[in-house]
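The values are calculated or read from the model by the stated rules, or taken from the named source; none is laboratory data. Everything quoted here is computed from the prediction, not taken from an experiment. So basically every Cβ, Gly included, is an ideal-geometry build from the backbone, and we count neighbours across all protein chains shown. These accessible areas exclude ligands, DNA and RNA; they are computed on the full protein's heavy atoms, side chains included. Shrake-Rupley method; radii C 1.70, N 1.55, O 1.52, S 1.80 Å.
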Amino acid sequence: MKLVFFLSLCLLLVGCSSTSEPVSFKNSRIGVDYKLNETLKLCHTHLGMTVFQNTEEIYPIAENVNTLVTKGYVKGIKNTFNTPVQIDSSIDWSNYLSYSSWDASAKLMPQGLNKLREIQAKYDLDFLLVARDYENFYKGEACNGAWFKTQMSDVRSFVPIYVALVFDANSGKYIGSTFITNDHHSSVYQNFNDVSKLEHSEVLKLIYYSEDAATKAASMFFE
């Protein structure tokens, strides 16, 4: 059931990764206010040859994912020749977000739009990037954090922690999600010894890869 939910979620995210109308980001000032206030973890689900070989491991994440992902988005935005602006705010954007049950698109509530106007005026932004909150989005039905799914000796999917929502800083319009498909993340686990049982160094590699994932996502989204 969790697998079906996860695959459906990925399809939704791909569907809402960009708006139907193309948006020009040329020479834009893009604010990065990526903050997750949740207890994050890395969840590893492995399917063996039989049900007796199926395993589930949950690894707590002590590293500062917010810092890692922010660094990645700053790099990625620079790669597109736009200007990244690191936002120093105490705003918990998850309190001001709602999601469509139809296509998983995000929307800022009226209070959130007011917060956005304050940030836009202070930093002179064209667009604002904020973290897609996991707890509210998944509604407790799945792993709050990174997903690593393997089967036999193969990797089925890996979704690191990095996904952000992008809003027009002037209108408050939702532009899209920076989610990119799993094949863009294959480089991180190509040399793992045994994907059925992760070593400590491999767990850390998957966690720290969130920075690279954010860089790739921004480079593609804002090109």
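Scanning region 96-111 for residues that are within 14 Å of VAL130 (Cα to Cα) and either basic (Lys, Arg) or without any contact (Cβ under 8 Å) to a residue 12 or more places away in the chain (or both) yields SER98, LYS107. Looking at the structure I just gave you, is GLN111 touching a Leu at 6+ places or on another chain (Cβ under 7 Å) and either within 21 Å of SER24 (Cα to Cα) or open to solvent by 20 Å² or more (accessible area, probe 1.4 Å) (or both)? So GLN111 fails the test.
Residues are listed down the side, and each one gets a yes or a no for (1) among the aliphatic types (A, V, I, L, M); (2) at pLDDT 95 or above; (3) surrounded by 22 or more Cβ atoms within 10 Å (Cβ to Cβ):
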position	(1), (2), (3)
LYS122	no, yes, no
ASP126	no, yes, no
VAL130	yes, yes, yes
GLU135	no, no, no
GLY140	no, no, no
ASN144	no, no, no
ASP168	no, yes, no
SER171	no, yes, no
ASN182	no, no, no
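In this structure, is THR150 among the hydroxyl-bearing types (Ser, Thr, Tyr), surrounded by 21 or more Cβ atoms within 10 Å (Cβ to Cβ) and touching a Gly at 6+ places or on another chain (Cβ under 9 Å)? It is false that THR150 is among the hydroxyl-bearing types (Ser, Thr, Tyr), surrounded by 21 or more Cβ atoms within 10 Å (Cβ to Cβ) and touching a Gly at 6+ places or on another chain (Cβ under 9 Å).
Among the residues of region 60-106, those that are acidic (Asp, Glu) and open to solvent by less than 70 Å² (accessible area, probe 1.4 Å) comprise GLU63, ASP92, ASP103. Select from region 193-209 the residues that are buried (at least 18 other Cβ atoms within 10 Å of the Cβ) and out of contact with any strand residue (DSSP E or B) (no Cβ under 7 Å at 6 or more places or on another chain) and list them in ascending order. Within region 193-209, GLU202, TYR209 qualify.
Yes/no per residue for (1) of a type in the set (A, V, I, L, M, F, W, C); (2) part of a loop (DSSP other than H, G, I, E, B):
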residue	(1), (2)
SER171	no, yes
ILE175	yes, no
ASP183	no, no
SER186	no, no
LEU198	yes, yes
LEU204	yes, no
ALA213	yes, no
LYS216	no, no
GLU223	no, yes
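Within the span defined as region 190-206, one or more residues are hydroxyl-bearing (Ser, Thr, Tyr) and modelled with pLDDT under 95.
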